[in-house]
1. Output the residue which, of all residues in region 68-94 that are touching a residue at least 60 places away in the same chain (Cβ under 8 Å) and more than 22 Å from residue 125 (Cβ to Cβ), is surrounded by the most Cβ atoms within 10 Å (Cβ to Cβ).
2. So for region 89-103 (the condition being assigned by TED's automatic domain parsing to the domain that holds residue 143 and within 16 Å of ligand 2 (Cβ to nearest atom)), does at least one residue qualify?
3. Name every residue in region 151-175 that is away from ligand 1 (no atom under 16 Å from the Cβ) and either touching a strand residue (DSSP E or B) at 6+ places or on another chain (Cβ under 7 Å) or modelled with pLDDT of 95 or more (or both), in order of residue number.
4. When region 266-305 is examined, which residues are found to be in contact with a strand residue (DSSP E or B) (Cβ under 9 Å, 6 or more places away or on another chain) and under 20 Å from residue 235 (Cβ atoms)?
5. Does region 12-61 hold any residues that are modelled with pLDDT under 95 and loosely packed, with under 15 Cβ neighbours inside 10 Å, and which are they?
6. Check 143, 137, 147, 116 and return the single one that is under 19 Å from residue 86 (Cβ atoms) and over 22 Å from the mean Cα position of the chain (by Cα).
7. Assigned by TED's automatic domain parsing to the domain that holds residue 160, in a loop (DSSP other than H, G, I, E, B), in contact (Cβ under 8 Å) with a residue 60 or more places away in the chain and more than 13 Å from ligand 1 (Cβ to nearest atom): does that describe residue 27?
8. Within region 34-53, track down each residue that is within 11 Å of ligand 2 (Cβ to nearest atom) and either closer than 14 Å to residue 81 by Cα or without any contact (Cβ under 8 Å) to a residue 60 or more places away in the chain (or both).
Ligand SMILES: Nc1ncnc2c1ncn2[C@@H]1O[C@H](COP(=O)(O)OP(=O)(O)OP(=O)(O)O)[C@@H](O)[C@H]1O
Ligand SMILES: [Mg+2]
């Protein structure tokens, strides 16, 4: 449904995208992750035929984003990462306006608006001015807005940012419902545990380059081989790191938010030996936990220069 081939975008002398390629088959939910400035918004805007690439090609359901922009616009719903002002329109008027922009016939628009409000759980807000909605509710209206012309593909730029935990869970449920309705969804986000739960595929981008793409499970497996321990010590963190680093089984040690993360090769016996070495050296270990490689791990690996 989405095919991206060697996409490149330069802003002046800055290369924002450097030969990015990936594919998203129909009905997949593709999580697009990467640090700030990696090129996510740039990619989504090119896919939405709102921005011209410098090189490479991209297709939405077979339509070329540079040569068949009209066609692309009818097939995609784009939810930007920033929403503007709403000029004193109520929620209902606002959606009706967008439905009209997308040339939905007048006699059908009322039903479209009501169905979309029901989908995003905003039926009782229909008469409220959009400007007076909370941020999370505005985001729901924006999602509804992206759907007024029933597009096959949804491009969502950080739809869950700024939402409280309950609203994020609700957003996730709405996106799953849209997948069941047959939509293909690309969603950029920094909230990795949620993507793992929601997405069927993932692409990790950094400095304009696609570092890894594929099914969530494959990407995690490819990037996080080996085992990992999360170790908390009382006060002697630096000393503990100095002890861990030279151990032959230990491949990598990193201080992460007051804890130590150590990758090692071996089994439970190896782990118990690592613990014994630390306590034997007088380090007071308060917790020692094996951690599963998740999307967060994969992300940190793929973007390792960024986090040092
Ligand atoms: N209009 C522009 N002019 C110049 N540089 C730009 C422009 N838009 C984006 N950039 C640059 O291109 C790079 C990619 O930006 P982009 O907005 O695509 O990143 P992003 O992955 O969406 O980041 P974030 O997570 O912060 O939203 C950045 O270095 C950014 O500063
Ligand atoms: Mg962005």
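The values are calculated or read from the model by the stated rules, or taken from the named source; none is laboratory data. Quick caveat, the model's predicted, so the values are computed rather than measured. A quick note on method: Cβ atoms are made from the backbone with ideal geometry, for glycine too, and the neighbour counts reach across all protein chains shown.
1. The selected residue is 76.
2. No, every residue in region 89-103 fails to be assigned by TED's automatic domain parsing to the domain that holds residue 143 and within 16 Å of ligand 2 (Cβ to nearest atom).
3. Scanning region 151-175 gives 151, 152, 153, 154, 175.
4. 274, 275, 278, 279, 283, 284, 285, 286, 287, 288, 289
5. 12, 13, 14, 36, 37 - these are the residues of region 12-61 that are modelled with pLDDT under 95 and loosely packed, with under 15 Cβ neighbours inside 10 Å.
6. Testing whether each residue is under 19 Å from residue 86 (Cβ atoms) and over 22 Å from the mean Cα position of the chain (by Cα) leaves just 116.
7. yes
8. Passing the criteria: 36, 37, 39, 40, 41, 42, 43, 44, 45.
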